[in-house]
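Scroll down for the structure; my scribbles are underneath it.
The values are calculated or read from the model by the stated rules, or taken from the named source; none is laboratory data. Since the model is a prediction, treat every value here as computed from it, not as a measurement. For neighbour counting, all protein chains shown are included, and Cβ atoms are generated from backbone atoms with ideal geometry for every residue, glycine included.
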Amino acid sequence: MHAPFFLTIPKEVFVHEQILRTNPNPILSAAVEYHGFVFTQGVVARDLEQDVEGQTRDVLAQLDALLEQHGTDNTRLLQAQIWLKDINDRDKLNTLWSAWLPEGQAPARAVCRVFWLTRACWLRSCL
């Protein structure tokens, strides 16, 4: 029986395939690449004292760097999950997000308000 919220792949499926883990530690990797797909960690701004726009710019720059490490970019995104402390910041987020994405290349996306985020933590994202 598999855990209900985890994707598992039987070992025999990837005998000849490699799983590439970027910056792994005991609980997560910054990114995991398998069979041409790249899954990123939740990315949080490095300076939580910045406003939502500054934090969004920082998160998008970090995502650019992670994607580049895996030989891809934001033209190939399939899905994004964005978590905001204050949903009223969605318009500011959307302005920067839309400018960051190449025209016509928007992924499937969800933006959610998350009450448990710390006051200074405005944005977390997984792509």
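Structure notes:
- Number of residues in the range 51-75 that are without any contact (Cβ under 8 Å) to a residue 12 or more places away in the chain and on the phi < 0 side of the Ramachandran plot: the value is 6.
- Some residue of the range 86-108 being surrounded by 12 or more Cβ atoms within 10 Å (Cβ to Cβ) and in a strand (DSSP E or B): no
- In the range 14-63, the residues that are part of a loop (DSSP other than H, G, I, E, B), of a type in the set (A, V, I, L, M, F, W, C) and farther than 19 Å from W100 by Cα: V15, I27, L28, A30, L48
- Close pairs (8 angstrom Cβ cut-off, 6 or more residues apart or separate chains): more than 17 Å from V52 (Cβ to Cβ) in the range 103-121, modelled with pLDDT under 85 and assigned to a loop (DSSP other than H, G, I, E, B) anywhere: P107/L127
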